[in-house]
Amino acid sequence: MWVRGPEGDYVMRDIPTIHSSTRDRLPLPPAVKAGVKMAENIGAAFDHVRVDAMTDGETMYLGEITVYNLSGRFVQGMEADAPVNRSWDLRNSWFLTAKQPWYWRPYANALRRALNRQDARRNKR
């Protein structure tokens, strides 16, 4: 799994994936920059989406757009500080930003309060 560092460079994390316990240590192909730009353009319309791409080393091709990665069950994503969790703040989701009907409003308010408490605890660390 590659993550973008603070300088915009990409760093491979040393964590196993659900697909393989071994890591391919080849450098990222130059086409990755075009793939990231494509994913950012597509992803701008969603509060969370995974955009998969394939490359022949020179050209990036759209592969798949997935709203719920692994049916919502992330192996690394179960960690509160995993990159996918830090990058997706549910408080910015449609459900918590749009005015909800009276029967959903209590749940939305309770969820927002719980997320705010969790964030406050995390920021105290």
Item to check | Filter result (within 16 Å of the chain's Cα centre (by Cα) and of a type in the set (Lys, Arg)) within segment 1-54 | outcome: 4, 13, 37, 50
Next on the checklist: List the residue pairs whose Cβ atoms are under 7 Å apart, where the first residue sits in segment 34-49 and is more than 23 Å from residue 90 (Cβ to Cβ), the second is among the hydroxyl-bearing types (Ser, Thr, Tyr) and not in a helix (DSSP H, G or I), and the two are 6 or more positions apart or on different chains.
Outcome noted: 35/55
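Read the figures in this text as sums done on the coordinates, not as results from a lab. Just so we're clear, the structure is a prediction, and the values are computed from it rather than from any experiment. Cβ atoms come from the backbone with ideal geometry, glycine included; neighbour counts cover every protein chain shown.
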